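No lab work stands behind these numbers, since they all come straight from the coordinates. What you see is a predicted model; the values in this text were computed from it and never measured. When we count neighbours, we look across all protein chains shown, and the Cβ atoms used for this are built from the backbone with ideal geometry, even at glycine.
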Amino acid sequence: MPAVAQGAAGKTLRFVPQANLANFDPIWGTQYVVRNAAALVWDTLYGIDSQFRPQRQMVEGEEVSSDGLTWTFKLREGLKFHDGSPVLARDVVQSLKRWQARDPMGLMIKAIENELAATDDRSWKWQLKQPFPKMLLALAKNNAPCSFIMPERIARTDPFQQITEYVGSGPMKFARSEWVPGAKAVFEKFADYVPRSEKADWLAGGKRILIDRVEWVIMPDPATAAAALQNGEVDWWETPLADLIPVLKGNASINVDIGDPLGNIGAFRMNHLFPPFNNLKVRQAVMTALNQEDYMRAVVGDDDKLWKELGGFFTPGTPLYTEEGGAMMKAKNVAAAKKLLAESGYKGEPVVCVVAQDMAATKSMGDVTAELLKSIGMNVDFVATDWGTVGARRAQKTPPDKGGWSMFHTWHAGADCINPAAYTAIRANGDKAWFGWPDVPAVETEVANWFDARDLAAEKAALGRLNKAAVENVVYAPTGFYLNYQAWRKNVSGVVSGPLPFFWDVSKA
Amino acid sequence: MLSFIVRRIVATIPVMALVALFVFSLLYIAPGDPAAIIAGDQASPADVARIRESLGLDRPYLIRFGEWSWRILQGDLGTSIFTNLPVTQLIGQRIEPTVSLMVLTLIFAVVIAVPMGVIAAWKAGTWVDKGAMAFAVLGFSVPVFVVGYLLAWIFALKLDWLPVQGYTPLAEGFWPWLRNLILPTVTLGLVYVALIARITRATMLEVLQQDYVRTANAKGVAQKDVLFLHSLKNAAVPIVTIIGIGIALLIGGAVVTESVFAIPGLGRLTVDAILRRDYPVIQGVVLMFSLVYVLVNLLIDLTYTLVDPRIRY
């Protein structure tokens with residue numbers, strides 16, 4: 001390895017993240033890369049473990065009244081912010097208020113809230129108008145935005161404005177002076193961090209930092225990242241391109257394993273407001289013809305370990321996954337689809353299919369969809385563009401021929417799809433729903449039932465019914481479940497598979 | 001001469017004003033919404049609207065253009081929508097790698113290409129000429145990213161002589177700085193070498209037919225003096241021109257080279273900003289590049305007077 005690439009110290013870990021850390025306010029900016037970096041700098045009250053259970057993190061304990069209307073929480077002793085000040089209940093209260101304004105679950109709590117207030121330096125009380133059984137999940141969930149705790153003065157920032165100070169109480173400090181957006185972000189070990197005594201398990205347990213410094217090196221070019229990893233210039237690459245995996249696996253100095261076991265769900269969404277997809281039979285025709293294998297091979301190649309066919313909308317391998325009513329998703333029946341399309345009265349209206357070409361996954365899926373639609377006799381108007389344009393155009397509720405759209409492709413992180421809590425894409429509340437604006441009351445009823453469920457059996461029953469209604473009405477079209485690899489050098493130990501890269505317990509020889 | 005320089009500098013003002021108007025208008029009508037990107041997938045339309053409002057993106061075109069122009073006149077390029085950092089700070093963080101890469105590439109290209117073109121013209125029709133021109137065609141034809149990957153594979157991965165990526169500031173030492181820039185410089189410089197070598201050869205071929213060259217040869221002037229003192233000086237105007245035009249090529253090529261070698265320069269800053277619709281950054285960088293280009297052209301015009309005393313302004 002060239003001397004220049006060896007870094008300043010042996011205890012420096014060089015990490016290539018999935019994307020550029022372009023901003024660093026985890027409430028204002030909800031990108032995953034921001035959430036991942038924020039998990040180093042800001043701590044949370046609870047953390048999700050690998051069994052998807054909320055576990056205490058900053059919290060010493062909690063009590064809920066018998067009527068479920070009053071929650072009382074107490075902080076652990078000795079927690080400090082990076083500026084040396086103690087973490088107090090008023091910091092927590094203000095942080096939760098800022099989080100509530102931007103998070104779907106936070107907004108739900110806000111809607112039934114009587115009061116959220118500190119009762120002493122370490123305790124606070126949350127009084128509600130009606131019970132909210134998923135309170136601890138809301139505080140522990142790792143879906144962006146997470147309820148990160150900041151000093152009160154910072155948390156007073158308007159949630160729609162960026163913070164300008166990056167002071168947390170997490171296990172690492174953000175070296176702001178070394179931050180070059182688009183190139184580098186640096187985190188240094190926080191000596192006063194007090195980890196929990198339990199073993200680390202995802203975002204739960206003791207977050208023990210065994211390295212002095214973590215440097216995030218932004219590399220837009222996958223081939224360069226692969227070469228840098230092979231050359232020992234970086235230590236860990238979060239999301240290697242599938243095409244480069246054979247090269248990395250062939251290098252004796254590199255480990256390759258699944259990165260996020262919760263993976264991603266590929267998807268395309270149809271616009272339920274305008275023809276042709278305001279017609280249920282047309283949507284059903286498309287889903288009936290869809291072959292997930294075509295999509296997954298286009299996205300991840302021929303490695304069969306990296307994808308699964310879905311019979312439901314939730315993340316496979318998680319406790320609530322169900323295929324109830326999901327036969328249509330696996331039908332792959334073009335003849336039946338053509339019959340449905342004929343019955344629908346489809347008159348050849350163009351399908352304005354907006355496809356981002358700068359994202360490998362959306363481009364691949366878009367190409368497959370264009371062929372799929374043509375194969376059942378639909379008229380495709382393929383609009384090749386970039387993700388920035390898709391992001392703006394999909395919000396348009398104008399007809400497809402007047403600047404709107406009929407269909408766009410995306411993907412959902414599996415971590416967001418383990419239940420309805422953060423699964424915006426499954427919601428079907430019409431005008432308030434995600435892009436495409438499906439209106440399926442049966443889905444919304446079961447979402448509410450899940451939130452009210454007090455045990456796993458009741459949750460499973462609700463999601464079974466939800467899945468059935470979502471498939472029947474084609475809320476959207478999942479194109480398969482896929483995983484990504486991560487790769488790291490063998491002198492690095494402690495790397496685990498998880499929904500985000502965890503730096504605690506990671507060491508470098 | 002002085003009045004020429006003053007006139008040219010004054011002439012840059014309307015040019016820059018037109019560039020500013022063009023860039024601002026183009027971004028205004030371009031599709032895409034930074035507020036939607038910031039808000040993320042979970043956001044409601046109301047959230048997106050509120051972010052748009054907080055960024056001032058909901059205001060009329062003329063008001064936004066007027067405010068932006070007023071700030072530009074005060075030397076304030078604005079604040080990045082995404083990083084919340086001043087555009088001048090972002091440019092300041094990125095300018096050294098890009099300038100280093102461009103200067104080294106320019107030196108590399110001129111040092112290699114000019115002698116190559118002169119010798120090719122001198123040995124016109126021989127294997128030396130054909131070899132040089134074959135190299136030039138290759139330099140034109142092979143895409144920058146292919147050259148970059150190939151060089152990195154050979155000199156970094158296989159031979160372990162140089163790093164694959166990154167940038168070390170000059171302040172941390174000349175050799176560490178140079179090591180990181182050798183492969184990017186060669187990668188970016190090949191096209192430029194090809195361009196300058198071909199122009200030099202073509203111009204020299206014409207000059208070498210002139211009577212005064214024949215006279216110099218007849219007098220027994222040393223060949224290197226005939227080529228590099230008598231002939232090259234008279235062929236210099238087109239060569240200097242093409243070097244100036246090439247700087248625009250360098251700016252474009254730097255975008256790809258910086259991506260391939262993960263150099264935190266202005267090219268990558270621009271691409272990232274475009275993909276995210278970070279309007280203040282795009283506007284700031286384009287304005288800066290335009291100003292550089294205008295000034296380089298002025299410098300080239302002034303250089304003509306040095307290489308050809310007949311030219312007077």
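Residues in the range A:206-222 carry Karplus couplings, in order, of x, 8, 8, 9, 9, 10, 7, 8, 10, 10, 8, 10, 7, 10, x, 9, x Hz; the curve used is 6.51 cos²θ - 1.76 cosθ + 1.60 with θ = phi - 60°, and Gly or Pro positions show x.
Simple point charges give the picture: +1 on the Cβ of Lys and Arg, -1 on the Cβ of Asp and Glu, and for the protein assembly as shown a dipole about the Cα centre of about 1480 debye. For residue A:347, the aspartates and glutamates whose Cα comes closer than 18 Å to its Cα, not counting residues fewer than 8 places off in the same chain, are A:381, A:401. For residue B:178 and residue A:371, what does the FRET efficiency come to when R0 = 30 Å and r is the distance between their Cβ atoms, rounded to the nearest 0.05? Calculated value: 0.05. Helix B:61-73 and the longest principal axis of the Cα set of chain B meet at an angle near 60°. About its Cα centre, the dipole of the range B:139-254 is roughly 260 debye, where the only charges are +1 on Lys and Arg Cβ and -1 on Asp and Glu Cβ.
Rounded to the nearest Hz, the phi-derived 3J(HN,Hα) couplings of the range B:100-115 under the Karplus curve 6.51 cos²θ - 1.76 cosθ + 1.60 (θ = phi - 60°) are 4, 5, 5, 5, 4, 5, 4, 4, 4, 5, 5, 5, 7, 6, 5, x, where x marks glycine and proline. For the listed residue pairs A:330/A:402; A:173/A:199; A:11/A:199; A:97/A:460; A:110/A:402, the alpha carbons are over 27 angstrom apart in A:330/A:402; A:97/A:460; A:110/A:402. Counting pairwise Cα distances across the range B:187-313, what percent come out greater than 22 angstrom? Within the range B:187-313, distances greater than 22 Å cover 53 percent of Cα pairs.
Phi angles across the range A:479-490 convert, under the Karplus curve 6.51 cos²θ - 1.76 cosθ + 1.60 with θ = phi - 60°, into 3J(HN,Hα) values of 10, x, 9, 9, 10, 10, 8, 10, 9, 8, 6, 6 Hz, Gly and Pro given as x. Legend: mean number of C-beta atoms from other chains within 10 angstrom of residue C-beta atoms, peptide B:273-286, equals 2. Spatial offset of the range A:495-509 relative to the range A:273-330 amounts to 32 Å, using the alpha carbon center of each. The Cα center of the range B:268-284 and the Cα center of the range B:47-91 differ in position by 12 Å. With the cut-off at 1.5 for a/c, could you classify chain A from its C-alpha gyration tensor as rounded, prolate or oblate? Cα axes put chain A in the oblate bin. The Kirkwood hydrodynamic radius of the range A:12-113, based on inverse pair distances between different Cα atoms, is 15.8 Å. Between amide H atoms placed 1.01 Å from N, distances below 5 Å from residue A:59 occur with A:76, all of them 5 or more places distant or on a separate chain. Between the range A:420-449 and the range B:112-144, the C-alpha centres lie 66 angstrom from each other. Of the lysine pairs in the range B:89-307, how many meet both conditions: Cα atoms under 28 Å apart, and a spacing of 8 or more in sequence or different chains? Summing the qualifying lysine pairs gives 7. In terms of overall dimensions, the range B:20-73 has a Cα radius of gyration and Dmax of 12.6, 39 angstrom.
Cross-link partners for residue A:305 among the lysines, with Cα-Cα distance under 16 Å and sequence neighbours closer than 8 places in the same chain left out: A:249.
Of the three principal axes defined by the Cα atoms of the range A:274-364, the extents in descending order read 41, 35, 23 Å.
If the Kirkwood radius is taken over C-alpha pairs of the range A:208-300, then at 10 °C and 1.306 mPa s the Stokes-Einstein diffusion coefficient equals 93 µm²/s. When A:347, A:281 are arranged by Cβ crowding within 10 Å, least crowded first, meaning fewest neighbours, the order is A:347, A:281. Only alpha carbons enter this Debye calculation for the range A:264-482, each as an equal point scatterer, and the log10 of I(q)/I(0) it gives at q = 0.07, 0.11, 0.15 Å⁻¹ is -0.19, -0.49, -0.93. In this calculation the C-beta distance from residue A:67 to residue A:210 is compared with R0 = 45 Å, giving a FRET efficiency of 0.50. Relative to the first principal axis of the alpha-carbon coordinates of chain B, what is the inclination of helix B:127-141, with its axis defined by its Cα atoms, in degrees from 0 to 90 and to the nearest 10? Tilt relative to chain B: about 10 degrees. Note on chain B: Rg/Rh from Cα positions, Kirkwood definition for Rh, rounded to two decimals, is 1.06.
Taking other C-beta atoms within 10 Å as the exposure proxy, B:158, B:123 rank B:158, B:123 from fewest upward.
Within the straight-line cut-off of under 18 Å between alpha carbons, the aspartates and glutamates reachable from residue A:281 are A:343, A:349, A:439, A:472, sequence neighbours fewer than 8 places apart in one chain being disregarded.
The long axis of helix A:441-452 is offset from the longest Cα principal axis of chain A by roughly 20 degrees. Out of every Cα-Cα pair that the range B:181-232 contains, those further apart than 15 angstrom amount to 57 percent. Projecting the Cα atoms of A:319, A:169, A:111 onto the dipole axis of chain A, where Lys and Arg carry +1 and Asp and Glu carry -1 at the beta carbon, places A:111 farthest toward the positive end.
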